[in-house]
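Report on the structure given below.
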2 protein chains.
Amino acid sequence: MSVPGCNVRRMDETSESRRAVHAYIDSAERRDWERFGALLAEDVVYEMPQTRERIRGKSAFLRFNMDYPGDWHLQARRVVADGRHAAAWIDARVGDEHQDACVWFELSGEGLISRVVDYWPDPYDPPSDREHLVERW
Amino acid sequence: MSVPGCNVRRMDETSESRRAVHAYIDSAERRDWERFGALLAEDVVYEMPQTRERIRGKSAFLRFNMDYPGDWHLQARRVVADGRHAAAWIDARVGDEHQDACVWFELSGEGLISRVVDYWPDPYDPPSDREHLVERW
């Protein structure tokens with residue numbers, strides 16, 4: 001359907017991408033690997049630029065997630081979708097330890113997740129030369 | 001204007017947010033602090049969760065950026081906008097050293113940047129127990 005003055009296909013893509021990313025986080029949290037796998041393209045590529053690691057293909061990426069050690073829990077802090085791209089800001093928890101993750105997604109024309117780029121930023125000590133501008137929490 | 005079957009206002013917000021984030025990166029790269037400041041809400045809040053630092057208000061946040069040491073350069077790797085939220089994946093370079101940044105934005109009803117959350121993930125060594133699944137680059 002074509003509505004004048006409005007790109008309906010693009011709106012649908014954005015909603016579909018947003019839904020896929022929420023389902024990715026939720027199915028991983030529930031260890032529902034069948035649902036998780038159904039969201040992925042067969043040739044999905046997963047990258048961790050901090051360690052320069054790359055995993056190719058649905059089967060290896062599923063294995064990586066199923067085998068990931070620890071009683072980890074994921075919760076979406078924010079999901080931002082824009083056509084066939086999306087980003088997720090995730091609260092990852094193991095016991096009482098929280099770490100934030102920033103995840104970048106690309107989706108195929110069929111709405112399957114085709115690329116995932118994960119960042120796991122660690123805490124660090126701030127420099128002292130900006131103390132006059134900042135507050136700490 | 002209301003177009004049936006399509007939320008035009010939402011489309012406009014997304015475009016406006018996307019433009020503001022591109023302008024934020026570009027004006028910082030050019031040290032165009034007048035343009036950079038014009039993108040910010042007066043009560044903008046800037047947070048760096050890794051150091052638990054927070055800066056409040058346009059004036060302090062401008063000063064922080066103007067004073068930031070080094071011959072740094074910023075380039076957008078990806079901008080994802082979704083209504084009044086956006087995320088930017090940025091390549092930050094000082095000399096030959098590159099670091100990725102993940103930045104989360106909130107925009108006011110007027111399209112001004114009202115919240116910025118910056119992550120600067122550092123490289124680290126991967127564990128050895130997933131070598132059978134990954135390739136390195």
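Looking for whichever is more than 25 Å from B:PRO123 (Cα to Cα) and more than 9 Å from chain B (Cβ to nearest Cβ) here; the options are A:ASP96, A:ASP91, A:ASP26. Which one fits?
Going through A:ASP96, A:ASP91, A:ASP26 in turn, just one is more than 25 Å from B:PRO123 (Cα to Cα) and more than 9 Å from chain B (Cβ to nearest Cβ): A:ASP26.
Which of the residues belonging to region B:50-61 are hydroxyl-bearing (Ser, Thr, Tyr) and either within 18 Å of A:TRP89 (Cβ to Cβ) or buried (at least 16 other Cβ atoms within 10 Å of the Cβ) (or both)?
The one that is hydroxyl-bearing (Ser, Thr, Tyr) and either within 18 Å of A:TRP89 (Cβ to Cβ) or buried (at least 16 other Cβ atoms within 10 Å of the Cβ) (or both): B:THR51.
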Residue under evaluation A:CYS102, criteria (1) touching a residue at least 60 places away in the same chain (Cβ under 8 Å); (2) surrounded by 13 or more Cβ atoms within 10 Å (Cβ to Cβ); (3) within 11 Å of chain B (Cβ to nearest Cβ), criterion not met = (1)
Does at least one position in region B:82-96 carry a residue that is surrounded by fewer than 18 Cβ atoms within 10 Å (Cβ to Cβ) and free of Cβ contacts under 8 Å to residues at least 12 places away in the same chain?
-> yes
In this structure, is B:ASP82 more than 20 Å from B:MET48 (Cα to Cα), within 11 Å of chain A (Cβ to nearest Cβ) and at pLDDT 95 or above?
-> yes
Among (1) in contact with a strand residue (DSSP E or B) (Cβ under 9 Å, 6 or more places away or on another chain); (2) closer than 23 Å to B:VAL45 by Cβ - the single one B:GLY109 does not satisfy | (1)
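Residues are listed down the side, and each one gets a yes or a no for (1) β-branched (Val, Ile, Thr); (2) buried (at least 18 other Cβ atoms within 10 Å of the Cβ); (3) under 12 Å from A:GLY111 (Cα atoms); (4) at pLDDT below 95:
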| position | (1), (2), (3), (4) |
| --- | --- |
| A:SER17 | no, yes, yes, no |
| A:VAL21 | yes, yes, yes, no |
| A:TRP33 | no, no, no, no |
| A:MET48 | no, yes, no, no |
Being without any contact (Cβ under 8 Å) to a residue 24 or more places away in the chain and either among the small types (Gly, Ala, Ser) or surrounded by 13 or more Cβ atoms within 10 Å (Cβ to Cβ) (or both) is the filter here, so list the residues in region A:62-76 that pass it.
-> A:ARG63, A:PHE64, A:TRP72
Which of the residues that make up region A:106-137 are facing chain B (nearest Cβ under 7 Å) and of a type in the set (Val, Ile, Thr)?
-> A:VAL134
For the subset of region B:27-36 comprising residues that are free of Cβ contacts under 8 Å to residues at least 24 places away in the same chain and in a helix (DSSP H, G or I), which member is nearest to B:PRO69 (Cα to Cα)?
-> B:SER27
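The values are calculated or read from the model by the stated rules, or taken from the named source; none is laboratory data. Just so it is clear, the model here is predicted, and its values are computed rather than measured. For neighbour counting, all protein chains shown are included, and Cβ atoms are generated from backbone atoms with ideal geometry for every residue, glycine included.
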